[in-house]
Amino acid sequence: MRKNRVPALLGLILVLSLATISAFAAIKTTTIRVEGMKCNHCSASVAKALKATAGVEKVEVSSEKGEAVIQFDDEKVTEAKLREVINSTGFKAIEEKSAKN
Amino acid sequence: MQIPVIRNTQRLVLRTGINVLLGVKYLFEVKDMLRAIVFSAALIAMQGSSLGQSNKAPALALKDLRGRTVRLSNYKGKVVLLNFWATWCPPCRAEMPDLIKMQREYRSKGLQVIGITYPPEEIEEVRQFIRKLGVNYPVALGTKETKTLFDQTETLPLTMIIDRQGNIIDRIEGILLPVEFEQKIKPLLK
């Protein structure tokens, strides 16, 4: 009985560790420079559109800095898609400044 | 033999005292409870009256680009999207093709989009912009005060949803997302 339990336990530990690792690896933070975000009252649309995108966890948009800091699940959404969403709000996503886990 | 009698009397006095105190406490609790009931009833009544208050859209009469008067009251019976926008506002420009499409697709179901410009705005620039885009709904020239009638913020774009009876039923801050159209506007177009 004990011999049967050991591999099962090891298997469970392996599955759990893989699940934990993949869960942590999926969340990324990126800063995207947004051109043309000069009017404070219009920039709310960028945050709104990003927040409505599947896979986006957290968004902070600063019209003063002209950038959007986005926390996202890279298994659900790509950075290219995020830039596309920003562009759809009438602004222009310039380039990715940084991306980290 | 007297001692138990005294003890019993003391116990009786003590018990009576406790009961009196409990009674007073109970009375206070009842009083508090009654007060809470009266307060809640007043609150419910107030909420009821505020719900009963109509959320009628204010009367609006603005000039369009040709100098004709656009009156909100003329659109009673339609689901009106009052869209505040400006040519200098990128998201306002970005959502206009969607508004044009909505107007085209849902006109027969009673949808009426009305654009209201927000200053500072050059009439010629507005004219050129709506011509270029092929805007298929009336566009009136608004002021800051026009927007203040509906909303205290300076957020642009802003879309007010007005039902067929002329009541403001919702507002959409920022660009109108497809999911918002599905959830907030489409159910009214039946």
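Annotations for the structure displayed:
- In the stretch A:41-71, of all residues being part of a loop (DSSP other than H, G, I, E, B) and more than 14 Å from chain B (Cβ to nearest Cβ), the one that is farthest from B:LEU156 (Cα to Cα) corresponds to A:GLY55.
- Residue that is nearest to the other protein chains (Cβ to nearest Cβ), among those in the stretch B:69-95 that are in a loop (DSSP other than H, G, I, E, B) and in contact (Cβ under 8 Å) with a residue 60 or more places away in the chain: B:CYS89
- For A:ASP74: the one exception among (1) more than 14 Å from chain B (Cβ to nearest Cβ); (2) surrounded by fewer than 15 Cβ atoms within 10 Å (Cβ to Cβ); (3) farther than 17 Å from B:VAL179 by Cβ: (2)
- Taking the stretch A:77-86 as the range and being in a loop (DSSP other than H, G, I, E, B) and surrounded by 19 or more Cβ atoms within 10 Å (Cβ to Cβ) as the test, only A:VAL77 passes.
- Pair list, Cβ < 7 Å and 6+ apart or interchain, from the stretch A:46-60 residues that are surrounded by 15 or more Cβ atoms within 10 Å (Cβ to Cβ) to residues that are among the polar types (S, T, N, Q): A:VAL46/A:THR89; A:ALA49/A:SER88; A:ALA49/A:THR89; A:GLU57/A:GLN71
- Set B:ARG171, B:ARG164: member being part of a loop (DSSP other than H, G, I, E, B), among the basic types (Lys, Arg), modelled with pLDDT of 95 or more and under 24 Å from the mean Cα position of the chain (by Cα): B:ARG164
- For the stretch B:96-109, a residue qualifies if it is within 14 Å of another protein chain (Cβ to nearest Cβ) and either touching a residue at least 40 places away in the same chain (Cβ under 8 Å) or touching a Ser or Thr at 6+ places or on another chain (Cβ under 7 Å) (or both), and the qualifying residues are B:ASP98, B:LEU99.
- Counted residues, the stretch B:110-137 - those being within 24 Å of the chain's Cα centre (by Cα), in contact (Cβ under 8 Å) with a residue 60 or more places away in the chain and crowded, with 19+ Cβ neighbours inside 10 Å: 1
- Of the residues making up the stretch B:87-109, just one is of a type in the set (D, E, K, R) and crowded, with 19+ Cβ neighbours inside 10 Å, namely B:GLU95.
- Options B:THR146, B:THR117, B:THR159, B:THR155; residue that is hydroxyl-bearing (Ser, Thr, Tyr), within 21 Å of A:GLY36 (Cα to Cα) and modelled with pLDDT of 95 or more: B:THR117
- Taking the stretch B:152-171 as the range and being in contact with a Leu (Cβ under 7 Å, 6 or more places away or on another chain) and within 14 Å of chain A (Cβ to nearest Cβ) as the test, the residues that pass are B:THR159, B:ARG171.
- Selection within the stretch A:87-101: residues that are small (Gly, Ala, Ser), more than 15 Å from B:ARG93 (Cα to Cα) and surrounded by 12 or more Cβ atoms within 10 Å (Cβ to Cβ). The member of this set that is modelled with the lowest pLDDT is A:ALA99.
The values are calculated or read from the model by the stated rules, or taken from the named source; none is laboratory data. Everything quoted here is computed from the prediction, not taken from an experiment. Neighbour counts are summed over all protein chains in view; Cβ atoms, including those assigned to glycine, are modelled from backbone coordinates with ideal geometry.
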